[in-house]
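Here the structure comes first, spelled out in structure tokens, and everything after it is commentary.
The values are calculated or read from the model by the stated rules, or taken from the named source; none is laboratory data. The structure displayed is predicted, hence computed values, not measured ones. With ideal geometry, Cβ positions are generated from the backbone for all residues, glycine too; neighbour counts draw on all protein chains shown. All accessible areas refer to the heavy atoms of the entire protein, side chains included, with ligands and DNA or RNA removed. Shrake-Rupley method; radii C 1.70, N 1.55, O 1.52, S 1.80 Å.
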Amino acid sequence: SDETAIIEPEQARLQVYAALAARCRGIGYWSTTAIDGDSPGARERQLMMTQLNLELGLLEPWLATGSGVQLIPFTVEARQSESSKNNGRPKLTPKSAEANRRSERELSAALIRSEFGALLLPMWLEEHSQFVPGQLAASAATIVVPGGGETATAWQITTTGRVQNLTRETVAGGIRISLPKFDQTAAILVTSDPSMIEQINQRIAAIQDRSANAMVELCRLKLDRVRRVDQELQQLGVGQPDSRQLLGQAKLQYEMAEAKLKQQEYHIARQYAAVAMQLARILQRAHWDHAVAKLPTPLASPYALCFQTLPAHWRLMRSLDKLGKANDTNKLPSGDFEDLDTLIAAGWRHEQRTTPDTSSAAELNPTAKQGKYSLRLAVTPTIDEPTAFQFHTPPVTVTSPAVTVHAGQVVKISGWAKTIRP
């Protein structure tokens, strides 16, 4: 079903790089379905794992021998508005310009030092990417690496092209490295040993065709899936005004990637595929932002946790609207806590677990947001100098009577809770 929640391939990438930054020495992929199965998104995940494993293979000498990790904040530049290409390299115009500088909380680079030099892994861990990743791309990035050495040079490593010498300059406290483009993650080698560069180039040459093929196929599958969900959202009347333009641009980028792949220009093919996927992410995030705009938290809707289930989310919201307009009968009228006899007759139960150092209580209290009373649950210490308490079971519990519902029924649960102090 297209309403099955799936992990976006970009989320797998960010999780792997976050694990490397946490100094994990091995990466495992866990799935509830067969990795080579036909469940929604399975082939996309398989292709992303292929790409990630190729990257890990290239970076293995530093990941396996590095000692310790230092996290370094870095900055990115927003994409410039542009309608054409630059020297054959595609550039992207976002729907709304992002801020010139991103917060340190979202942008950090893991610095791993080893006998083979230093490996730098910048990552864009954007807020809410655990739900739906955004564009996660920039026209430039700047990183200041502490130390670095007077003779050290910086090289960007990819799976499809010869390592690229990056601009670097000595600044107070280290060296400043400029990355011409940034997309989700990157791998930068800082070394004074030029012999390592040719070794890496030879290893890249052996995998570049496989990497480019995986990325171009992944791009095709993701665009097809995003297009299907977008069409369904359009039919539900909650489409995005820029969707046709974004998908049209993404299709052109994919077609250029496919053409370059046939010409065995693997690096450019991968770049075009990456830009197409950026465009898809812009549309996905716009749909998600619209869907959760009026929710107190994305977790308020079980179908707002990923892009794939957004059509189900909008159908649920409409069901809730109808429920409110229909003024359906309150299935728990005693839940207003206005009368103790009514609570007892309805079958409410409460349980208290006292300890030698605490006392607990469940009572109707003459303060309320609505009406006259509210239910008050309290746990207080009974000793003169209380310390922090740890409860393995709740010290006081109040349980409502059973409520009869049927399969498929939409039920709205609402109420207020007031916490006097943490």
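Packing, taken as the mean count of other beta carbons within 10 Å per residue, orders the peptides 131-141, 392-402, 266-276 from highest to lowest as 266-276, 131-141, 392-402. Each part gets one Cα centre, and for the range 105-139 versus the range 198-238 those centres are 20 Å apart.
Measuring r between the beta carbons of Gln264 and Arg349 and using R0 = 56 Å, the FRET efficiency lands at 0.20.
Compared with the dominant principal axis of the Cα atoms in the chain, helix 195-235 is inclined by about 40°. Among 116-124, 247-255, sorting by the average number of other beta carbon atoms lying within 10 angstrom of each residue, highest first, gives 116-124, 247-255. Highest average first, the peptides 34-40, 3-9 ordered by how many other beta carbon atoms sit within 10 Å of their residues are 3-9, 34-40. For the chain, the normalised intensity computed at q = 0.08, 0.12 Å⁻¹ comes to -0.61, -1.02 (log10 of I(q)/I(0), Debye sum over alpha carbons, equal scatterers, no solvent).
Estimated at 0.36 nm per residue, the fully extended path between Ala407 and Thr32 surpasses their Cα-Cα distance by 132.5 nm.
The orientation-averaged shadow of the Cα convex hull for the range 284-403, equal to a quarter of the hull surface, comes to 11.7 nm². All distinct Cα pairs of the range 215-260 go into the 1/r average, and the inverse of that average, the Kirkwood radius, is 11.2 Å. Based on the Kirkwood radius over alpha-carbon pairs, what is the Stokes-Einstein translational diffusion coefficient of the range 228-325 at 37 °C with 0.692 mPa s viscosity, in µm²/s? For the chosen part, D equals 219 µm²/s. With contacts taken as Cα pairs under 8 Å and at least 6 residues apart, the range 190-296 reaches a relative contact order of 32 percent. The mean accessible area for residues of the range 164-271, using a 1.4 Å probe and ignoring ligands and nucleic acids, is 48 Å² per residue. For Ser195 and Lys294, the FRET efficiency from 1/(1 + (r/R0)^6), where r spans their Cβ atoms and R0 equals 51 Å, is about 0.30.
Structural descriptor for the range 252-367: relative contact order 12 percent, calculated from alpha carbon pairs under 8 angstrom and at least 6 residues apart.
Rolling a 1.4 Å probe across the protein heavy atoms gives the range 1-69 an accessible surface of 48 Å² per residue.
The percentage of C-alpha pairs in the range 19-64 whose separation is greater than 11 Å is 71%. Taking the accessible area of the chain, probe 1.4 Å, and keeping the other protein chains in place, the carbon and sulfur fraction comes to 51%. For the chain, take the longest principal axis of its alpha carbons; what is the angle in degrees between that and the long axis of helix 42-65, to the nearest 10 within 0 to 90? Approximately 60 degrees, to the nearest 10. Leu340 sits among other residues whose Cβ lies under 14 Å from its own Cβ, and their net charge, with Lys and Arg +1 and Asp and Glu -1, is -2. Only one residue of Leu189, Ala407, Leu247 has its Cα farthest out toward the positive end of the dipole of the chain, where Lys and Arg carry +1 and Asp and Glu -1 on Cβ, and that residue is Leu247. Relative contact order of the chain, taken over Cα pairs closer than 8 Å and 6 or more residues apart, is 13 percent.
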